[in-house]
Amino acid sequence: MSKRKEIGLENLRGISGKVGVEAVEKLRGTSPELSDFITEFAFGDIYSLPALTKRDKVLITLSSIITQGDVGALKVHLHSARNIGLTNEEIKNVILHCIPYVGFPKVISAMQVFEGILKD
């Protein structure tokens, strides 16, 4: 196993926990390349950059995914946010903060996904 992959798996586990690892592993059956890109590049290279804290990186990721309106990715990254210690109130406020930038429909959708996570 390459060093990038080792670091990526360590970061993935530490940030996303079981939910993130399972999401990446599901991809392996269809596209091992995509699974490796996520593990090695996103979590091995990008998440290893030292200038931002893990918390900062997760906040940026949440904001980006809310902007995209990607419900599937949002579920995984909301779990990541909780896994690294963001409170439900902080997560709710990240979602609310996006209203002026992405509009009500995407924020409502994000809040509905978050509500579902809270019920889990």
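Remark: pairs (first residue in region 1-27, surrounded by fewer than 16 Cβ atoms within 10 Å (Cβ to Cβ); second residue among the polar types (S, T, N, Q) and at pLDDT 95 or above; Cβ separation under 6 Å; 6+ apart in sequence or on different chains) = K5/T39.
Residue check: is P32 loosely packed, with under 12 Cβ neighbours inside 10 Å, of a type outside the set (G, A, S) and under 21 Å from R4 (Cα atoms)?
Yes; evaluated as a whole, the condition is true for this residue.
Given the condition in contact with a helix residue (DSSP H, G or I) (Cβ under 6 Å, 6 or more places away or on another chain) and among the aromatic types (F, W, Y), answer yes or no: does some residue in region 90-109 qualify? The answer is no; no qualifying residue exists. Taking L27 as the residue in question, decide whether it is part of a helix (DSSP H, G or I) and of a type outside the set (S, T, Y). Criteria met by L27. The numbered conditions (1) in the same structural domain as N11 (by TED's automatic domain parsing); (2) hydroxyl-bearing (S, T, Y); (3) closer than 19 Å to I7 by Cβ are all true for S80 except (1).
Checking the structure you have, find out if any residue of region 97-118 is modelled with pLDDT under 95 and either farther than 22 Å from I7 by Cβ or outside the structural domain of A23 (by TED's automatic domain parsing) (or both). Let's see the steps before the verdict.
Here is the first cut: in region 97-118, the residues modelled with pLDDT under 95 are 117-118.
Add one more test, that the residue is either farther than 22 Å from I7 by Cβ or outside the structural domain of A23 (by TED's automatic domain parsing) (or both), and what stays is 117-118.
For region 97-118, residues modelled with pLDDT under 95 and either farther than 22 Å from I7 by Cβ or outside the structural domain of A23 (by TED's automatic domain parsing) (or both): present.
How about region 63-118: which helices (runs of 4 or more DSSP H) wholly inside it have at least 2 residues that are under 22 Å from I15 (Cβ atoms) and either small (G, A, S) or touching a residue at least 60 places away in the same chain (Cβ under 8 Å) (or both)? Working first, answer last.
Values: elements: 71-83, 88-97, 99-102.
Result: 71-83.
The values are calculated or read from the model by the stated rules, or taken from the named source; none is laboratory data. Note that the structure is a prediction, hence the values are computed from the model and not measured. Methodologically, a virtual Cβ is constructed for each residue, glycine included, from the backbone with ideal geometry; neighbour enumeration extends over all protein chains shown.
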